[in-house]
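Here the structure comes first, spelled out in structure tokens, and everything after it is commentary.
Read the figures in this text as sums done on the coordinates, not as results from a lab. Note that the structure is predicted; figures quoted are calculated from it, not measured. Here Cβ is always computed from backbone atoms with ideal geometry, including for glycine, and neighbour counts include all displayed protein chains.
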Amino acid sequence: PAVTSPCKILKCNSEFWAATSGSHHLGAEEAPEFCTALRAYAHCTRRTARTCRGDLAYHSAVHGIDDLMVQHNCSKDGPTSQPRLRTLPPGDSQERSDSPEICHYEKSFHKHSAAPNYTHCGLFGDPHLRTFTDTFQTCKVQGAWPLIDNNYLNVQVTNTPVLPGSAATATSKLTIIFKSFQECVDQKVYQAEMDELPAAFADGSKNGGDKHGANSLKITEKVSGQHIEIQAKYIGTTIVVRQVGRYLTFAVRMPEEVVNAVEDRDSQGLYLCLRGCPLNQQIDFQTVRSAQATEGRARRKGPSLPAPPEAFTYETATAKCREKLPVEDLYFQSCVFDLLTTGDVNFMLAAYYAFEDVKMLHSNKDKLHLYERTRDLAPGNTAPSGNPPALWVALLCLSQCWLCLL
């Protein structure tokens, strides 16, 4: 299995924020309830202390708890049961609706011009990448890679092997950094990893901080531990993060103006959502399918080859994927590919939810489905069946013209 950090500090942060939202803005009569939540927070950090020794977020939380204990005169001894989830009072900074106009992208950036053109990028499965230009790729990209990098935010993913010794990788960690922006938001960091999909930023907050337009950046939990949505209205951006099975998926809707807001375009060669995966990191569907077919034929000829660990054949994988993805586009092909390479049915759900996110986030409904292009040459440099390659046709025409001249 893929290796992941056992440190659970993100979960401790999220639980404390969920339990105390708004209570530290209230009067002294709420102090006992807030102290109960603080003690529960401290207890949570102690449980994960051994596995969090080198984690900066953990040490920050521990110091923060001590400071809050002193500020609210909380005793370290006492009940630690979680208090009820609070609703925020009117006028709280988390609920401000009078944000400056600059904190609403469509109102501020396009007041006297046409509506912005939105683009989409998604990453899911083995992993499969759909870029802002609707290019679809299957990549290896093991380790940490930048997915988005512009003047407003950075997104980095970490991909780890699905099985020991396997070339198949999937996203096990995701970090999103929203940069400080004028009077709208403070810098905020969102981190998720396998089995940890927080409904809050790393500092425990759910919005853009203490600035006047803080509510223009907000996290909403759609399904606990499985699906969160981040709205960044000040840059017209929506981000969807899911955990499907053990791994994460990512989808974003972003205006072209924000996508291209970079100071040094030449330094962004590895910005995956914009540039795609490097050629040496791309995996060809056709080559892998050909190898799988060859392996299948060899296995049928005799018992010398061991059976693969996965439970799917091409036929059963196709049938399984068709249950959720009836159109045989690249999302369907990705599903089949992932079932054959991993044997994990959750990858079918990852492809399904990735397409559901495309339907929600893509601005051009005619481009929801993507289909594989016919290659000019099949493996081995032989002409494939079907229409001849354009170069071959051109050479044939030239030869005919030469014969006519003779």
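Within 10 Å, count the other beta carbons around each residue, average over each peptide in 136-146, 195-205, and list them highest first.
Values: 136-146: 18.0, 195-205: 20.4.
Going by the mean number of other Cβ atoms within 10 Å, highest first, we get 195-205, 136-146.
Cα-Cα over 28 Å: which of 320/365; 218/359; 8/179; 211/359? Intermediate results must be reported in sequence, preceding the final value.
On the way: 320/365 26 Å; 218/359 22 Å; 8/179 25 Å; 211/359 33 Å.
Exceeds cut-off: 211/359.
Counted by Cβ distance under 13 Å from residue 119, the other residues give a net charge of 0, where Lys and Arg count +1 and Asp and Glu count -1.
Can you grab the distance from the C-alpha centre of the stretch 322-337 to the C-alpha centre of the stretch 125-142, Å, no decimals? If we compute the Cα centre of each part, the gap is 15 Å. Neighbours of residue 142, meaning other residues whose beta-carbon lies under 13 angstrom from its beta-carbon, give a summed charge of +1 when Lys and Arg score +1 and Asp and Glu score -1. Rounded to whole Å, the principal axis extents of the Cα atoms in the stretch 103-276 read 54, 35, 24, largest first.
Order these peptides, 221-231, 34-44, 120-130, by their mean beta-carbon neighbour count within 10 angstrom, highest first. Could the numbers behind the result be given before it?
On the way: 221-231: 15.5, 34-44: 21.0, 120-130: 26.5.
Highest mean packing first, the order is 120-130, 34-44, 221-231.
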